[in-house]
Amino acid sequence: MSPSHRPDGVTDWNPESYGRFRDLRLRPALDLLARVGELPGGAVVDLGCGDGVVGAALRERFPEAKLKGVDASPAMLDKARPEAASVMTSIADHVMAVEACAPRGVHVLLEKPMAFRNEDAGRMAELSKKHGVLVLTNYETSWYASVREAERRVRAGPRSSPLWRCVHGP
């Protein structure tokens, strides 16, 4: 199950070799899941999700949770075949993420700003157009206390006035 080295020097995993040990890797995850009690609302994040083998067990155990798989391996990206990727890395790595995702038909959501350099933004736009994928930017706010408070208020019952108003522009 040892990683291989890509030409750019980054270590990558071999999905076939990784898959041979699927049952051995899954067993500890299932044992751990059996010990986990109820969780508060929010996301369940599978760090280093590889080919997504634990995802089905997580979905079954936490059907209402937002499930997020995180892995940096292009080979595992090929194996898992996600529809979209939410990239929350250094902005300097955004081009690399789009270069990995776009040729595989994977849409990409990036944190703001999209790029530090015009050349990087141009490269991402070129990849988006060439491969027919969306490359979007978003300011990640899902873990802000104000968002959790707004959700709590919405769940508490009907309101006669808006919770907040968002205005863009001057």
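The values are calculated or read from the model by the stated rules, or taken from the named source; none is laboratory data. This is a predicted model, so every value here is computed, not measured. Note that each Cβ is placed from the backbone with ideal geometry, even for glycine, and that neighbours are counted across all protein chains shown. The area values use the complete protein model at the heavy-atom level, side chains included, leaving out ligands, DNA and RNA. Shrake-Rupley method; radii C 1.70, N 1.55, O 1.52, S 1.80 Å.
When Ala115, Ala102 are checked against the criterion of being in contact with a helix residue (DSSP H, G or I) (Cβ under 6 Å, 6 or more places away or on another chain), hydrophobic (A, V, I, L, M, F, W, C), in a helix (DSSP H, G or I) and surrounded by 17 or more Cβ atoms within 10 Å (Cβ to Cβ), Ala102 stands alone in meeting it.
What tally of residues in the range 12-27 results from selecting those that are open to solvent by 70 Å² or more (accessible area, probe 1.4 Å) and at pLDDT below 75? Steps first, answer last, please.
Within the range 12-27, the first condition is being open to solvent by 70 Å² or more (accessible area, probe 1.4 Å), and the residues that meet it are 13, 16, 20-24, 27.
Then keep just the ones that are at pLDDT below 75; that gives 13, 16.
Within the range 12-27, residues that are open to solvent by 70 Å² or more (accessible area, probe 1.4 Å) and at pLDDT below 75 number 2.
Taking the criterion of being assigned to a loop (DSSP other than H, G, I, E, B) and either modelled with pLDDT of 70 or more or open to solvent by less than 70 Å² (accessible area, probe 1.4 Å) (or both), the residues of the range 118-157 that qualify are Gly132, Val133, Leu134, Glu140, Thr141, Ser142, Tyr144, Gly157.
For the condition closer than 30 Å to Arg152 by Cα, out of contact with any Lys or Arg (no Cβ under 8 Å at 6 or more places or on another chain) and part of a loop (DSSP other than H, G, I, E, B), what is the one hit in Glu60, Glu38? Only one candidate passes the filter, namely Glu38. If you filter the range 41-83 down to residues that are in contact with a helix residue (DSSP H, G or I) (Cβ under 9 Å, 6 or more places away or on another chain) and among the basic types (Lys, Arg), you find that the one that is surrounded by the most Cβ atoms within 10 Å (Cβ to Cβ) is Lys79.
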